[in-house]
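Colleague: Can you read through this structure? Questions will come right after.
The values are calculated or read from the model by the stated rules, or taken from the named source; none is laboratory data. No experiment lies behind these values; they were computed from the predicted model shown. FYI the Cβ positions are ideal-geometry reconstructions off the backbone, even for glycines, and counts take in every protein chain you see. Surface accessibility is based on the protein's heavy atoms, side chains included, excluding ligands, DNA and RNA. Shrake-Rupley method; radii C 1.70, N 1.55, O 1.52, S 1.80 Å.
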Number of protein chains: 2
Amino acid sequence: MAKALRVGIAGLGVVGQGLLELFAVHGAEIGARCGRSIEITAVSARDRSRTRSVDISRFAWFDDPVDLAKSDGIDVFVELIGGSEGAAKTAVEAALCSGKHVVTANKALLARHGVPLARLAEAKGLALNFEAAVAGGVPVVKTLRESLMGNQISRVFGILNGTTNYILTRMQKEGRSFAEVLRDAQEAGYAEADPTFDIGGFDTAHKLAILTSLAFGVEASFDAIYLEGIETITPADIEAADELGYRIKLLGVAQLTESGIEQRVHPTMTPKHSAVAEVEGVTNCVAIEGDFAGNVMLIGPGAGARPTASSVMSDIIDISRGVVLPPFITPVEFLKPCERAAMRAHEGGYYIRLSVYDRTGAFAAIAARMAEQCISLEAIMQKREGSELPGFAVRGMPNQPIPVMMITHRTTEAAIRLALDAIERDGHVDERPQMIRIERL
Amino acid sequence: MAKALRVGIAGLGVVGQGLLELFAVHGAEIGARCGRSIEITAVSARDRSRTRSVDISRFAWFDDPVDLAKSDGIDVFVELIGGSEGAAKTAVEAALCSGKHVVTANKALLARHGVPLARLAEAKGLALNFEAAVAGGVPVVKTLRESLMGNQISRVFGILNGTTNYILTRMQKEGRSFAEVLRDAQEAGYAEADPTFDIGGFDTAHKLAILTSLAFGVEASFDAIYLEGIETITPADIEAADELGYRIKLLGVAQLTESGIEQRVHPTMTPKHSAVAEVEGVTNCVAIEGDFAGNVMLIGPGAGARPTASSVMSDIIDISRGVVLPPFITPVEFLKPCERAAMRAHEGGYYIRLSVYDRTGAFAAIAARMAEQCISLEAIMQKREGSELPGFAVRGMPNQPIPVMMITHRTTEAAIRLALDAIERDGHVDERPQMIRIERL
């Protein structure tokens, strides 16, 4: 039997402890099946004496993760510290420089510094594996890196953040407001005290940057992603979506277009009976469209100690089996630079919600603004029982705004924005128009 | 750059031609990304002169696939002949014996002879890869073999046959009979002239045998699988399922139970809003439940030239990258023998449809037979408008049978069978009771 593979773990938070448990429960059997034993030999964390579910006294201890990364006693450095800068980055660089394979779950690090880190790993012939960085327990990195290598990918998209999907699912099922459900989610531990990172779409964008690089052979670039969060979604939007046959999901989408790779994170209307729409709560999903494989979708737990540990372990097992691939599939020297998505060129259908003053001519003016941009409508819906479209009401209440929802046929984002700006300027609406993109599935 | 990997393809039917196309379209780029070029050097098929979408004149030609398998001009033998015996088996054995890696899409071959073939491959240090053998373009073999290696799997199940799912989907959407929809499917090319292999569940069982071996470390054994096809499903069952909140799907299920690995293929009631129930038409899906990863589901095209070619290509790419794993993950010497499922011990809920003569005491007798076996009911439904349960009708039509549907609480298959046998013997029903298992998701 080959020499044991020695693993050092930096960071013993939720995921780190999950990994310790996985080793305790299945470590011996995994070694037997791989033909090479895999052992934790050293760990590093902030506090050695903290109570943990697994005894760490038999592992070498390092106060500084960088010292662990450089240690001669490990072959694989597992980075579970988190954060795109600071200790995580320094330690991963140190590990690669001193000849250690690296496994990480750190999407922020990869989205912001993936290219130089991959260059370093490739130069040294080392693995830089990150299955756990996207969609937790779902094997999407391996699927793109290995299973779908024989395809040109045209689109990859998914629900990549459990917190936002949990909030949107509860808003939909309970008819409650974003703020109320967020408060509940915070109390239940599904959302952070400062929820910006999740609800603003930043976490989704980090993961999307990684998927885009794998799928399209471009450099991972967080800054190239168009970003909108779910803060502005109201119960009225969710209810209108339901009546029009849609669910609202926060999607990350990367798509090959005539003007390049379009990367965007925003609330999206998805047809109600699609697999994506049925993904509820903290579950994640990723859909990949290949020219040969067709449409492949992966669904599973997007976070959590045990699913994430499962993915980290699969990365370690690959190393034990001698599998070392370029981190982003395409060797770094061939990765193309990634430019910021030209969202104005985005084409699709749109949902629009307007709060329109009920006065004569209001709706005619709105319709004229849409027509000016050659936008045609698939559906119009207004929500005050028994009344007509605003401006056509028999018994109008002139200063009482009425919500009007529209679904457009396929058009460009540039056209929609021009139309909505003009509508706002005309003064028939009492708040900024809401606009949600519809994704063709 | 390493020496080119030389590929020989035996069988140029639909999938073989799909693979030729994939090489033509993406071959050069795949080689560049892998750092090793991959080339088709030789082919074998029944008829050399047949018109094909890709010119094969530049490849060496072999009339006999066994000669191709033994040829010095190839490193990888791709078997796309099909069938569990005959040329496919002989050629795969010859390839392995003469030191060639093997890639195959042949589920029947693996389900019946996987163990000796894997033993041969392992003894020679060769790959025997078969991603395309289960669920076409969906990377389920790699997911089990690599991504979920750190898990104890408790259940794997899925929709593994596109033809049956296409038929069930159309029956459900159009309210038509099995025979009618089958005839349509045959005309549209979705079902064979002799459809037994698909609709009887044999194809699903071949694929399930492979999944079971990968998931549970037992020998692949087609004969260990309990098998029922979809021939007996009626529009009444589909309609009742819909009203009770279910869809009927032909599932292959392998499950770890107290009495061993239970492997079964049968029509199954799945909750209507589950991901499995939403898989329609020829699409396949596989769900895997791991103790760390949680529930992971993969969905995608289950067959077809291009998806299957995509999977075959990923197997070839793995070989070009030097990845050679035991075919069934667990080395053959450690695979446990697989015993036939003890279906009588199966536990779950059941849907039962009875055609009951409308006479006094009929339903009381049926209820008594269920009670004798300690079977309790979750729902009862009868389908003649305005009438009561049979035997309780105010204006009875004594010799007119009435359909009665029941959903039971969790019980054993042994109990259900005893109860249904007794009900049939009592003579209150005019045909064999229908029984469909409910799968907890």
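Colleague: If you count, for every residue in B:325-338, the Cβ atoms of partner chains within 10 Å of its Cβ, what is the mean?
Modeller: Working: counts 5, 3, 0, 0, 2, 3, 3, 0, 0, 2, 0, 0, 0, 0.
Shielding by partners across B:325-338 averages 1.
Colleague: Exceeding 18 Å between C-alpha atoms, which entries from my cross-link table qualify? They are A:Lys3/A:Lys100; A:Lys142/A:Lys249; A:Lys70/A:Lys107.
Modeller: Too far apart for the 18 Å limit: A:Lys142/A:Lys249; A:Lys70/A:Lys107.
Colleague: How shielded is B:311-320 by partner chains, expressed as the average number of their Cβ atoms within 10 Å of its Cβ atoms? Please list the in-between numbers first.
Modeller: On the way: counts 5, 2, 7, 8, 3, 2, 4, 4, 0, 1.
Averaged over the peptide's residues, the number is 4.
Colleague: Identify the residues of the stretch A:125-146 with backbone N under 13 Å of a label point that sits 7 angstrom from the Cα of A:Arg46 along the Cα-to-Cβ direction, or state none.
Modeller: It comes to no residues whatsoever.
Colleague: If you take the beta carbon distance between A:Gln400 and A:Asp421 as r and set R0 to 25 Å, what does 1/(1 + (r/R0)^6) give as a FRET efficiency, to the nearest 0.05?
Modeller: 0.55
Colleague: Here's another thing I want to ask about it. Restricting attention to the stretch B:336-379, which GluC sites (Glu not before Pro) occupy a DSSP loop and are surrounded by at most 11 other Cβ atoms within 10 Å?
Modeller: Numbers: sites: B:Glu339, B:Glu347, B:Glu372, B:Glu378; in loops: B:Glu339.
Answer in residue order: no site qualifies.
Colleague: Are there GluC sites (Glu not before Pro) in the stretch B:56-155 that DSSP marks as loop and that have at most 14 other Cβ atoms within 10 Å, and which are they? If you can, show how the numbers build up before the last one.
Modeller: Numbers: sites: B:Glu79, B:Glu85, B:Glu93, B:Glu122, B:Glu131, B:Glu146; in loops: B:Glu85.
Hits after loop and neighbour filter: B:Glu85.
Colleague: Over the whole of B:149-156, what's the average partner chain Cβ count within 10 Å per residue? Rounded to a whole number, please.
Modeller: 6
Colleague: Please work out how much length the chain gains when fully extended from A:Asp67 to A:Glu174, using 0.36 nm per residue of separation minus the C-alpha to C-alpha distance, in nm with one decimal. Write down the numbers at each step before the final one.
Modeller: Details: separation 107, 0.36 × 107 = 38.52 nm, distance 5.04 nm.
Additional length available on full extension: 33.5 nm.
Colleague: Follow-up. On a straight-distance basis, which aspartates and glutamates could pair with A:Lys383 in a cross-link, Cα separation under 12 angstrom, same-chain partners fewer than 8 positions away excluded?
Modeller: Once the sequence-local aspartates and glutamates are set aside, what remains near A:Lys383 is A:Asp237, A:Glu239, A:Glu243.
Colleague: Rounded to the nearest 10 degrees, what's the angle between the helix B:107-124 long axis and the longest principal axis of chain B, both from Cα atoms, 0 to 90?
Modeller: 40
Colleague: Before rounding to the nearest 500, sum -39500 (n - 2.57) across all DSSP H runs of length at least 4 in chain A and divide by the residue total; then give [θ] at 222 nm in deg cm²/dmol. List each step's numbers first, then the result.
Modeller: On the way: 12 runs with 149 residues, N = 441.
Calculated from helices alone, the mean residue ellipticity at 222 nm is -10500 deg cm²/dmol.
Colleague: Which residues does a label at B:Leu256 reach in the stretch B:215-232, if reach means a backbone N under 18 Å from a point 7 Å past the Cα toward the Cβ?
Modeller: Residues B:215-220 qualify, since their backbone N sits under 18 Å from the label point.
Colleague: What is the extension gain from A:Arg183 to A:Ala379, computed as 0.36 nm multiplied by their sequence separation minus the C-alpha to C-alpha distance, in nm to one decimal? Don't skip to the end; give the middle numbers.
Modeller: Details: separation 196, 0.36 × 196 = 70.56 nm, distance 3.40 nm.
This chain segment gains 67.2 nm when fully extended.
Colleague: GNM, chain A, Cα, under 10 Å: largest mean-square fluctuation among A:Arg264, A:Arg321, A:Arg369?
Modeller: With Cα springs under 10 Å in chain A, the top fluctuation among A:Arg264, A:Arg321, A:Arg369 is at A:Arg321.
Colleague: Right, here's the next one. Work out, step by step, the length gained on full extension between A:Ala28 and A:Ser154: first 0.36 nm times the residue separation, then minus their alpha carbon distance; give nm to one decimal.
Modeller: On the way: separation 126, 0.36 × 126 = 45.36 nm, distance 4.14 nm.
This chain segment gains 41.2 nm when fully extended.
Colleague: Mind checking the per residue accessible area of chain B for me, 1.4 Å probe, whole number of Å²? Don't skip to the end; give the middle numbers.
Modeller: Working: 16550 Å² over 441 residues.
It amounts to 38 Å² per residue over chain B.
Colleague: Evaluate the distance, in nm, between pseudo-label points positioned 7 Å from the Cα of A:Glu339 and of A:Thr232 along their respective Cα→Cβ axes.
Modeller: Here the modelled spin labels are 2.6 nm apart.
Colleague: Could you pull out every one of the aspartates and glutamates with an alpha carbon less than 15 Å from that of A:Lys89, ignoring same-chain neighbours closer than 8 positions?
Modeller: A:Asp64, A:Asp67, A:Glu79
Colleague: Using mean Cβ contacts within 10 Å as the protection proxy, how do B:253-263, B:55-65 order, highest first?
Modeller: Working: B:253-263: 19.2, B:55-65: 14.7.
Those peptides, ordered most packed to least, come out B:253-263, B:55-65.
Colleague: Using a 7 Å offset from the Cα along the Cα-to-Cβ direction at both A:Ser98 and B:Ser57, what is the distance between the two label points in nm, to one decimal?
Modeller: The two pseudo-label positions are separated by 6.3 nm.
Colleague: Now, a different point. What is the distance in Å between the Cα centroid of the stretch B:290-363 and that of the stretch B:1-52?
Modeller: 30
Colleague: For the pairing of chain A with chain B, what total accessible surface becomes buried, with a 1.4 angstrom probe, in square angstrom to the nearest 100? Can you show the working numbers first?
Modeller: Working: alone 18520 and 18580 Å², together 33050 Å².
The contact between B and A buries close to 4100 Å².
Colleague: Label-to-label distances across copies for A:Ser84, with labels 7 Å out along Cα→Cβ, in nm, shortest first?
Modeller: Sorted ascending, the copy-to-copy spacings read 5.5 nm.
Colleague: Given a Förster distance of 30 Å, report the FRET efficiency between B:His409 and A:Lys272 from their Cβ-Cβ distance, rounded to the nearest 0.05. Walk me through the numbers before you get to the answer.
Modeller: Values: r = 31 Å, r/R0 = 1.03.
Plugging the Cβ-Cβ distance into 1/(1 + (r/R0)^6) gives 0.45.
Colleague: Direction-averaged shadow area of the convex hull around the Cα atoms of the protein assembly as shown, nm²? If you can, show how the numbers build up before the last one.
Modeller: Working: hull surface 164.8 nm².
Orientation-averaged projected area of the Cα hull: 41.2 nm².
Colleague: May I pose another question? Give me the angle, in degrees from 0 to 90, between the Cα long axis of helix B:86-97 and the longest principal axis of the Cα atoms of chain B, rounded to the nearest 10.
Modeller: For helix B:86-97, the angle is close to 50 degrees.
Colleague: Considering only C-alpha atoms, what is the centroid distance from the stretch A:146-169 to the stretch A:71-138, in Å?
Modeller: The distance from the Cα centre of the stretch A:146-169 to that of the stretch A:71-138 comes to 22 Å.
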